[in-house]
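See below for the structure under consideration.
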Amino acid sequence: MKQSSKIPDLFQTSRRFSVLEILQFIVLAFLILYFGKTLFIPLSFSLLIGFILYPICKWMETKGLNKGIAIVISILGVTLLVGAVLYLLFAQFSEFLHEWQSLRTKLIETVNQLSLFISERFDISLEKQTEFINNTVNNSGSEAFSIVRNTAYSLSESAFFLIMIPVFSALILFHRQMLSNALYELFPPERKNTIHEILIETIHEYYNFIKGMLIVYLIVGLLNSIGLWIIGIPNPFLFGFIASILTFIPYVGIMISSLLPIAVSWITYNSIWYPLAVIAVFSIVQVLEAYIIFPFAVGSRLKINTLVIIIVVIVGGIVWGAAGMILFIPFISIIKLIADRTPSLKTLSVLLGDGEQKKTTK
C-alpha cells in the first residue's frame, strides 16, 4: 500500500467519467483508427521498428558512429530481413510453377474422374455439368472487375506501406529526442520521471513481444512439420518451417507456402486425399496459432491475460485487418503500463493483468 501511494497518477482528475462518455470516447477512437488506417498502420509499424532498433542505434552511437549512419545501418538490416522473407515467398511460388505442368495434368484427371462419378452417381449428364460450369463462369465474370480492382488496391496499399515504413522509422529514430521532449511537455514537470520510465519499459515490452513472436513461429514450425511427417510428405521440416516463417505475411504467406507441399504430395502419391490432408494440417495449426499459441506465448511475455489477448486480436482484425491483429497487442501492453502507474486506472490494470501481482502480494 505504501509503495502504490508513491506512484504518481498520470491522469488525476476531480470528476469521474460516465459510462456514456467512455463509450463515446471508444467509438470516436475506433472511427479515427479505422478511417485513418492508411496513415496509422505504417506509422504504427514504424513506431514498433523504432522501439526495437533504438537500443541498437544507441549502442552504435556510443561506439562513436554518426547518428544518421547508425540509423541507416539499422534500417538496412531490417530491410534485408524483410527482403529475405519476401525472397523466400517468391522462391516458394517459383518452385510451385515448376511443378505446375505435372499438377495441371493431375488436376485435369481428377476433374474428369469427378465428372464421371457425378454422372454415374447422380445421373447428371456431362452436357448439363458443362452447361452449369459455363453459366457459373459467365455469372462470376461480372464480379471479376471488382476482384481485380480490390486486388490492385491491396497491392498498391502494400507497396505504399513498404515504402513509407522505412522512411517513418528513420525519421522517428532521428527525431526521437524531439518527440520525447514533446511528450514530456504534455504532462506536468513532476511527471517527467514517470513518463521516462514508461518509455523505457515500453521498449522492453516491445522486445518481449518480439521474443514471444519468435516462440510462436518455432511452435508453429514444429507443429506444421510433425503434421506433414505424419502424413508422409517429403521434407516435412523444410516445408513446415518455411510455412511458419511466411506466416509473418498474414493470409498470403501461408497460402503460397502451402502450394508446394500440396503439389508435391499430389504428384508423389497420385491421390487427392494427401493434398487435402496438407490443407487440413495447415488450417488446424493456423487456428491453434491464432487462438491458443499466439495469445499464450505473447500474453505470458507481456503479462497480459489470454482472454484480453484474444479479444484484442479479434478487434484488431476488425479495425485494421491482418495488420491490426499484430499491432494491437503492443498497443494494449502500453495501455497496461500506463494503467499500472495510474491509481485512477487500477481497475483497468487488474482487468488487463495476468493475476501475478496478486500472488506476489500474499
- Task: For region 326-349, name all the residues that are basic (Lys, Arg) and without any contact (Cβ under 8 Å) to a residue 24 or more places away in the chain.
- Result: Lys346
- Task: Count, please, the residues in region 40-74 that happen to be surrounded by fewer than 17 Cβ atoms within 10 Å (Cβ to Cβ) and in contact with a Lys or Arg (Cβ under 9 Å, 6 or more places away or on another chain).
- Result: 1
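So if I check each of Ala323, Ala277, Ala243, which one is touching a residue at least 24 places away in the same chain (Cβ under 8 Å) and within 13 Å of the chain's Cα centre (by Cα)?
Working: Ala277 fails: within 13 Å of the chain's Cα centre (by Cα); Ala243 fails: within 13 Å of the chain's Cα centre (by Cα).
Residue meeting the stated conditions: Ala323.
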- Task: Filter region 265-282 for residues that are assigned to a helix (DSSP H, G or I) and surrounded by 15 or more Cβ atoms within 10 Å (Cβ to Cβ) and give the result.
- Result: Ser265, Trp266, Ile267, Tyr269, Tyr274, Pro275, Ala277, Val278, Val281, Phe282
- Task: Please identify the pairs in which a residue from region 182-194 that is surrounded by 10 or more Cβ atoms within 10 Å (Cβ to Cβ) has its Cβ atom under 9 Å from the Cβ atom of a residue that is of a type in the set (A, V, I, L, M) and assigned to a loop (DSSP other than H, G, I, E, B), counting only partners at least 6 apart or on another chain.
- Result: Phe187/Leu10; Arg191/Leu10; Thr194/Ile7; Thr194/Leu10
- Task: Look at region 195-220 and say how many of its residues are over 19 Å from Pro55 (Cα atoms) and of a type in the set (S, T, N, Q).
- Result: 0
- Note on the structure: The condition of being hydrophobic (A, V, I, L, M, F, W, C), part of a helix (DSSP H, G or I), in contact with a Ser or Thr (Cβ under 6 Å, 6 or more places away or on another chain) and over 26 Å from Phe237 (Cβ atoms) holds, among Ile338, Ile314, Ile334, Ile309, only for Ile334
- Query: Conditions: (1) touching a Ser or Thr at 6+ places or on another chain (Cβ under 7 Å); (2) without any contact (Cβ under 8 Å) to a residue 40 or more places away in the chain; (3) of a type in the set (S, T, N, Q). Asn66 meets all but one. Number of the miss?
  - Reply: (1)
- Task: Output the number of the condition that Ile73 fails; it satisfies all remaining conditions of (1) of a type in the set (A, V, I, L, M); (2) within 30 Å of Glu190 (Cβ to Cβ); (3) at pLDDT 90 or above.
- Result: (2)
- Task: Answer yes or no as to whether Ser225 is free of Cβ contacts under 8 Å to residues at least 24 places away in the same chain, of a type outside the set (D, E, K, R) and either surrounded by 13 or more Cβ atoms within 10 Å (Cβ to Cβ) or in contact with an Asp or Glu (Cβ under 7 Å, 6 or more places away or on another chain) (or both).
- Result: yes
- Message: Any residue in region 35-59 that is within 16 Å of Leu171 (Cβ to Cβ) and in contact (Cβ under 8 Å) with a residue 40 or more places away in the chain sitting within a Cβ distance under 9 Å of a residue that is part of a helix (DSSP H, G or I) and among the acidic types (Asp, Glu)? List the pairs, counting only those 6 or more apart or interchain.
- Response: Phe51/Glu205
- Take the residues in region 171-194 that are in contact with a Leu (Cβ under 8 Å, 6 or more places away or on another chain) and polar (S, T, N, Q), then tell me which one is farthest from Phe51 (Cα to Cα). Thr194
- Query: For residues in region 323-345 being in contact with a helix residue (DSSP H, G or I) (Cβ under 9 Å, 6 or more places away or on another chain) and among the small types (Gly, Ala, Ser), which is nearest to Tyr206 (Cα to Cα)?
  - Reply: Ser333
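The values are calculated or read from the model by the stated rules, or taken from the named source; none is laboratory data. Given the structure is predicted, the values throughout are model-derived calculations rather than measurements. Note: ideal-geometry Cβ built from the backbone for every residue, glycine included; neighbour counts use all protein chains shown.
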